[in-house]
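Please treat every number below as a calculation from the coordinates, not as lab data. If you're wondering where the values come from, they're calculated on a predicted model, not measured in any experiment. Cβ sites come from the backbone with ideal geometry, for glycine too, and all protein chains shown count toward neighbours.
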Amino acid sequence: MVEKLKLRILKNGAIDFAEAIELSRVTNKEELYNAADKIREHFCGNNIDLCSITNAKSGRCTQDCRWCSQSAFHNTDIEEYEMVDKDVAVNEAVGNAKKGVSRHSLVTSGRRVYDGTLDKLIPVYREIRNKSNVSLCASMGLINKHQLQRLKDEVGIEHYHCNLETAPSFFPKVCTSHTLEEKIITIKNAKELGLKICSGGIIGMGESMEQRIELAFALRELEVKSIPINILTPVPGTPLENAEPLSEEEILTTIAIFRFINPKANLRFAGGRLQIKHFQDKALRAGISAALTGDYLTTTGSNIDEDIRDFRAAGFNITKMNHE
């Protein structure tokens, strides 16, 4: 069955939901991972695309996302600030670009970015643009179309990031202050303006494998070409602080199934990757083709120089993808 579905995908075919469920239940996991690796190699080559982020506005978020350390509903020990120092943000983006990162994003906490905040962020983007050739991305919540247009016209934003986070059937269990539909509207608005989309989710929040598959199909329907796969990092003070960690098999199987469902997308290492450093090479060979490198929003990430060394040692080239 695995071989049959792999060959179908290599011929530009697709699998349906029932077939994805069946794939997730195969007993020969190595066959599944190897097939996903062949699909990745066929459509993406042996390339790794690197991106990085700056936490431009931290904490005090009005949303109740159960996983998030930045929510005002949770008692977490994070640094809070209204706006990152301009020089800090510019130096981080330019420095990362010099090391080999191809895209950089400014990320703001909160339901959506306000015009006053955007007015302060646009000069930061302009200086990054003037000092580097890094591709620019934004992650600013449920941003409106006019604001997206400003980012595109005034600073040349090419990508917009808005995670669906989890399956439509599971989302209300982890967030009640906004809906998945609002996220989808934001993504569609960005697409209408010609922006490329980065959207993925978090695994390990209590969802089932079937719900992870549901998320993968939702992303396929939106034709997302950059899909971050975050692994929950339980943060003390959040409702998910005692969440059970996923097994190695669950994580690798999830990555492989995502690759079968979204064969041409960049499946991106993202938050929580330090948890899987000891089997990172296996994940690379189960369908991963991109990585968020450097630090994350409120947690320590992966060192860029070490990532580049490790990815090259695993047989991958560091390159900017064209198909995103």
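Applying the Karplus relation 6.51 cos²θ - 1.76 cosθ + 1.60 with θ = phi - 60° to the stretch 35-46 yields 3J(HN,Hα) values of 5, 4, 5, 5, 5, 4, 5, 5, 8, 10, x, 8 Hz, where x marks Gly and Pro.
Among the listed pairs LYS4/LYS264; LYS57/LYS191; LYS120/LYS191; LYS99/LYS173, a Cα-Cα separation exceeding 28 Å is found for LYS99/LYS173. Converting phi to 3J(HN,Hα) with the Karplus coefficients 6.51, -1.76 and 1.60 and the offset θ = phi - 60°, the stretch 213-219 yields 5, 4, 4, 4, 6, 4, 5 Hz in sequence order, with x at every glycine or proline. The candidate values are (i) 0.98; (ii) 0.94; (iii) 1.10; the one derived from this structure for Rg/Rh (Cα atoms, Kirkwood Rh) carries the label (ii). Give me the percent of DSSP beta bridges within the chain that run antiparallel, rounded to the nearest 5. If we restrict to bridges inside the chain, about 10 percent are antiparallel.
Highest-first packing order for the peptide set 29-35, 8-14 is 29-35, 8-14, based on the mean count of other beta carbon atoms within 10 Å. Among ARG60, ARG40, ARG25, the residue with the largest mean-square fluctuation in a Gaussian network model of the chain, with springs joining Cα atoms closer than 10 Å, is ARG25.
Here the label points at ASN130 and ASP115, each 7 Å from Cα along the C-beta direction, are separated by 2.5 nm in the simple model. The separation of the stretch 162-184 from the stretch 90-151, counted between C-alpha centres, amounts to 24 Å.
Working note: 222 nm ellipticity from helices only, DSSP H runs with n ≥ 4, each -39,500 (n - 2.57), summed and divided by the residues of the chain, gives -12500 deg cm²/dmol to the nearest 500. Among 262-269, 142-149, the peptide with the highest mean count of other Cβ atoms within 10 Å heads the list, and the full ranking is 262-269, 142-149. Going from the residue with the fewest nearby Cβ atoms within 10 Å to the one with the most, LYS152, LYS277, LYS4, LYS86 rank LYS4, LYS277, LYS86, LYS152. Residues considered: GLU19, GLU249, GLU158. Largest GNM mean-square fluctuation over the chain, using C-alpha springs under 10 Å, is found at GLU249. Look at the alpha carbon pairs under 8 Å that are at least 6 residues apart: their mean separation over the length of the stretch 179-278 gives a relative contact order of 31 percent. Under a GNM of the chain (C-alpha, springs under 10 Å), which listed residue has the highest mean-square fluctuation: THR27, THR117, THR166? Result: THR27 has the largest fluctuation of those listed.
Sequentially through the stretch 168-185, phi angles give Karplus couplings (6.51, -1.76, 1.60; θ = phi - 60°) of x, 6, 9, 3, x, 7, 10, 7, 10, 8, 8, 10, 5, 4, 5, 5, 5, 4 Hz, Gly and Pro residues having no value and appearing as x. Between ASP87 and GLU19, the distance separating the two model label sites (each 7 Å from Cα on the Cα→Cβ line) works out to 5.7 nm.
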